[in-house]
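Novice: Let me give you the structure first, and then I'll get to my questions.
The values are calculated or read from the model by the stated rules, or taken from the named source; none is laboratory data. Since the structure is predicted, the reported quantities are computational estimates derived from the model, not experimental observations. Heads up, the Cβs are rebuilt from the backbone with ideal geometry, glycines too, and the neighbour counts pull from every protein chain shown. Just the protein is used for accessible areas: all its heavy atoms, side chains included, with ligands, DNA and RNA removed. Shrake-Rupley method; radii C 1.70, N 1.55, O 1.52, S 1.80 Å.
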Amino acid sequence: MKPEFIKMALILGLLSCVGPFAIDMYLPAMPAMAEDFGAPVAASQLTLMSFFIAFGVCQLFYGPASDMFGRKPPLYFGLALFGITSVACAFAPSIEWLIALRFVQGVGAASVMSIPRAIIRDRYTGTEATRLMTTVMLVISISPMLAPLVGSALMAPFGWPAVFIAVAVAIAVSLVLTATVLPETLKPADRVPFRFGAMIRAFGTLFRDPGYMGLTLIGGMGMASFFAFLATASFLYTGHYGLTPTQFSLAFALNALGFFTSSQFAANLGERFGSVAVVKWAVGGFATGASLLCALFAAGFDSFPLLVGMLLVTNSFLGLVIPTSMVLSLDDYGPIAGTAAALGGTLQMVLGALAIAIVSRVFDGSPLPLLTTIATCALIALSLSLLTLRGAARAAAQA
């Protein structure tokens, strides 16, 4: 790989880590935080859902803003807001305040979701873009593997508020990297002046494109299944299976390992078989694994090794689905890459928040509500794949 390619992957990966870091490091703290505030499980899960709602919806503003002002100014604003509210979360006096502050935190964090995707599209397309996206994901893999362990280590001596202080420190490092190392990839001549009508027309064009919407929603259902896991895993692993926060962190890291390991093969598989084919076959594997896991637990096979092992396999298929579908959805929208990435990110985060809301209402401490949610997401993704990607596969074959 060229040095510039590696540098861009490292910077964008570290920048993109900040949002997941604020989620993953926080997971082991959720049971203790609920106990400290005297709040029910559902209320503590609302702190996660409020973050995801803002994280998703506000990408609609950062995407067009990055097309108008360049990629870096919206990043400065978002990271600054993210850092300030992270400190405020550490001193929240009640669960209600924490829910509200997590929403504002998500407003700032939304900047690191859509803008790095647009930066990738500014520089690369096709398999090169997929290669960069998967390399970025390799860097991001540090977060789900290490962040829960870091959160557990900080909780022991300092309590759960220390998690938010650590997030604020990570954001400060990201601001310095953005200012000193990250190049501005959108030239002034390529920037799009703000016209409300033009923005609405751009969104209309994207909504009417079945290929874009199909790929976006396929990736969104994959992310929704993972968000449902995020919202319930700490309670399931520590409550139902009796794991300590550190043991939960190790099990969570193992579940994430499959996703990020398989993602590194996405570009090579796309070059050999075509990216559309990779998405279709990987979605099929995801749906098969999730449905089988749900059926086994419904039949009474409640086993922790079985759960972790099957989730490892299922998440491995997601590691091929999500980066490849992200890149494919943006391929035809270079001039409005920021807007297209923002809309895609918003739809996916909203689906994730909806999955959290559903699983929070039905979660009873056992694995089956979570596994049913994951299997439902997987089967919807499979249906979308069969409905929307046939034409895309034919077009790719002809090309």
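Novice: Shape verdict for region 7-63, please, from the Cα gyration tensor: rounded (a/c under 1.5), prolate (a/b greater than b/c) or oblate.
Specialist: oblate
Novice: In what sequence, largest accessible area first, do Thr373, Thr238 appear using a 1.4 Å probe?
Specialist: Solvent-accessible surface, decreasing: Thr238, Thr373.
Novice: Rounded to the nearest 20 debye, what is the charge dipole size of the chain about its Cα centre when +1 sits on each Lys and Arg Cβ and -1 on each Asp and Glu Cβ?
Specialist: The dipole magnitude comes to about 940 debye.
Novice: Next question, about the same structure. Given a Förster distance of 25 angstrom, what is the FRET efficiency for Tyr76 paired with Lys7, based on the Cβ-Cβ distance and rounded to 0.05?
Specialist: Here the calculated transfer efficiency is 0.80.
Novice: Okay, next question. Take the solvent-accessible surface of the protein heavy atoms, probe 1.4 Å, and return the percent of it on the chain that carbon and sulfur atoms account for.
Specialist: Roughly 72 percent of what the probe reaches on the chain is carbon or sulfur.
Novice: If you find the alpha carbon centre of region 237-267 and of region 207-225, how far apart are they in angstrom?
Specialist: Comparing the Cα centres of region 237-267 and region 207-225, I get a distance of 25 Å.
Novice: As a test of the formula, what do you get for the chain when each DSSP H run with n ≥ 4 contributes -39,500 (n - 2.57) and the sum is divided by the residue count, at 222 nm and rounded to the nearest 500 deg cm²/dmol?
Specialist: The per-residue figure over the chain is -28000 deg cm²/dmol.
Novice: Order the following by accessible area, largest value first: Lys7, Lys72, Lys280. Probe radius 1.4 Å; ligands, DNA and RNA are ignored.
Specialist: If we order Lys7, Lys72, Lys280 from most to least accessible, we get Lys7, Lys280, Lys72.
Novice: Classify region 162-290 from the C-alpha gyration tensor, please: rounded if a/c falls under 1.5, else prolate or oblate depending on whether a/b exceeds b/c.
Specialist: Verdict is oblate for region 162-290.
Novice: Evaluate E = 1/(1 + (r/R0)^6) for Ala42 and Leu368, where r is the Cβ-Cβ distance and R0 equals 25 Å; express this FRET efficiency to the nearest 0.05.
Specialist: It comes out at approximately 0.90.
Novice: With a 1.4 Å probe and every protein chain left in place, work out the accessible area per residue of region 308-388 in Å², rounded to a whole number.
Specialist: Per-residue accessible area for region 308-388 comes out at 32 Å².
Novice: Any idea of the accessible area per residue across region 1-68, 1.4 Å probe, to the nearest Å²?
Specialist: Accessible area per residue: 34 Å².
Novice: By its C-alpha gyration tensor, with a ≥ b ≥ c as the square roots of the eigenvalues, how is region 259-366 shaped: rounded for a/c under 1.5, else prolate for a/b larger than b/c, else oblate?
Specialist: It is oblate, given that a/c is not under 1.5 and a/b is not larger than b/c.
Novice: For Arg195 and Leu296 in the same chain, what is the full-extension length gain: residue separation times 0.36 nm, less their Cα-Cα distance, in nm?
Specialist: Taking Arg195 through Leu296 to full extension adds about 31.0 nm, to one decimal.
Novice: So for the chain, taking the charge dipole from beta-carbon charges (+1 Lys/Arg, -1 Asp/Glu), which of Phe37, Val308, Ile119 sits furthest toward the positive end?
Specialist: Farthest towards the positive pole: Ile119.
Novice: How much of Phe265 can a 1.4 Å solvent probe reach, expressed as accessible area in Å² and rounded to 10?
Specialist: About 120 Å², ignoring ligands and nucleic acids.
Novice: Assuming a strict under-29 Å limit between Cα atoms, what lysine pair count do you get for the chain once near-sequence pairs (fewer than 8 apart, same chain) are dropped?
Specialist: 5
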